[in-house]
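> Input: one structure, supplied below.
The values are calculated or read from the model by the stated rules, or taken from the named source; none is laboratory data. Small disclaimer: the values here were computed from a predicted structure and weren't measured. Here the Cβ is made from the backbone with ideal geometry for all residues, glycine too, and neighbour counts use every protein chain on show. These accessible areas exclude ligands, DNA and RNA; they are computed on the full protein's heavy atoms, side chains included. Shrake-Rupley method; radii C 1.70, N 1.55, O 1.52, S 1.80 Å.
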Amino acid sequence: MDAYKKLLLSNKAWVAEKLAIRADFFERTATTQTPAFLWIGCSDSRVPAESVTSTEPGELFVHRNIANLVVHTDLNMLSVLQYAVEVLEVKHIIVCGHYGCGGVRNAMTNRSFGLIDKWLRHIKDVYRAHRRDLETLADVDKRLDRLVEFNVAEQVQNLAETSFVQHAWALHNRPSLHGWVYDIRTGFLKEHAHMKPGTPLEDIYRFDFDDVPRSGS
Ligand SMILES: [Zn+2]
């Protein structure tokens, strides 16, 4: 059998399994969604958002790209972010990286991979910002693990620097921002960064909004 046909067959089995547990499983979420979480993860096939968090359809709003980056000119990511924050009103945004990330590993080398060099450049910037810490680690795999952790923290910071997140923080005291790393060797998730709503930012990144009173005025 062609490999792709197995996916379609598996889908039928999955539907039957869900309906056996709950007859209205699909009807409940067919017309609306109210996810509490936006997940920004890596495209890597070994880190499926719903599987590693044991969540069901309707629970996670998901955006994935290579190395789970939050790039402030990426209209795809920004559109997902704005919709999640302003329309779905998510309570939490999770940036999830993972050990053994090929994107982060390649960014640590000097090889050229074509177009993707432009995307991986953002990780090289994270490396440069933490070069001293990283280069105290002689073991390349440990250095890669540490850069994965620095990268999720950096992407959380990038989220906080968006006007969408700052506006929601000021008006609604949400969402909380989380930087997690998934360990592909053990299956466990661990939090490496956390920003609560209202966390102070460097002043140059702070936005004032016409519909939000300025503090102290
Ligand atoms: Zn990855």
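> Whole number in Å², please: accessible area per residue of the chain, 1.4 Å probe, ligands, DNA and RNA not counted.
That works out to 60 Å² for each residue.
> On to the next question. In whole percent, and with a 1.4 Å probe on the protein chains, what portion of the accessible area of segment 49-165 is carbon and sulfur? Present the calculation step by step, with values, prior to reporting the outcome.
Numbers: 2880 of 5900 Å².
On segment 49-165, the fraction of accessible area on carbon and sulfur atoms equals 49 percent.
> Is the shape of the chain rounded, prolate or oblate, going by the alpha carbon gyration tensor and its root eigenvalues a ≥ b ≥ c, with a/c under 1.5 for rounded and a/b larger than b/c for prolate? Mind dumping the intermediate values first?
Values: a/c = 2.10, a/b = 1.12, b/c = 1.87.
Judged from the Cα gyration tensor, the chain comes out oblate (a/c at least 1.5, b/c at or above a/b).
> Mind listing the phi-derived Karplus ³J(HN,Hα) values for segment 200-214, rounded to whole Hz, using 6.51, -1.76 and 1.60 with θ = phi - 60°, and x for any glycine or proline?
So the Karplus estimates, Gly and Pro as x, are x, 10, 4, 4, 5, 8, 8, 9, 9, 10, 5, 9, 10, x, 6 Hz.
> Strictly greater than 16 Å: what percent of every Cα pair in segment 78-128 meets that?
55
> A follow-up question, please. Taking 7 Å along the Cα-to-C-beta vector as the label spot, tell me the LEU115-ALA138 distance in nanometres, rounded to one decimal.
Reported label-point gap for LEU115 and ALA138 is 4.2 nm.
> What share of all Cα pairs of segment 1-55, in percent, falls into each consecutive 10 Å distance bin?
So the P(r) values, bin by bin, are 17, 35, 41, 6.
> For the chain, modelled as a Gaussian network with Cα springs under 10 Å, which listed residue fluctuates most, ARG143, ARG111, ARG121?
Per the Cα network of the chain with a 10 Å cutoff, ARG111 tops the list.
> Let me ask something else. Rounded if a/c is under 1.5, else prolate if a/b is larger than b/c, else oblate: which is segment 17-87, with a ≥ b ≥ c the root eigenvalues of its Cα gyration tensor?
Numbers: a/c = 3.44, a/b = 1.60, b/c = 2.14.
Judged from the Cα gyration tensor, segment 17-87 comes out oblate (a/c at least 1.5, b/c at or above a/b).
> If you take every residue apart from PHE113 with its C-beta less than 13 Å away from the C-beta of PHE113, what net charge results, scoring Lys and Arg +1 and Asp and Glu -1?
Counting the neighbours of PHE113, the net charge comes to +4.
> Here is a further query. Can you compute the helix-only [θ] at 222 nm over the chain? Use -39500 (n - 2.57) per DSSP H run of at least 4 residues, normalise by all residues, nearest 500 deg cm²/dmol.
-12500 deg cm²/dmol
> OK, next. Roughly what % of DSSP beta bridges within the chain run antiparallel, to the nearest 5?
Antiparallel bridges make up about 25 percent of those DSSP assigns within the chain.
> Given H placed on each backbone N at 1.01 Å, which residues far from HIS194 in sequence or on other chains put an amide H within less than 5 Å of it?
GLY179
> Hey, got the dipole for segment 46-196? About the Cα centre, +1 on K and R Cβ, -1 on D and E Cβ, debye to the nearest 20?
Charge dipole, segment 46-196, about its Cα centre: 460 debye, nearest 20.
> Which net charge results for the neighbourhood of ARG132, defined as the other residues with beta-carbon distances under 14 angstrom from its beta-carbon, given Lys and Arg at +1 and Asp and Glu at -1?
Here the charged neighbours net out to +2.
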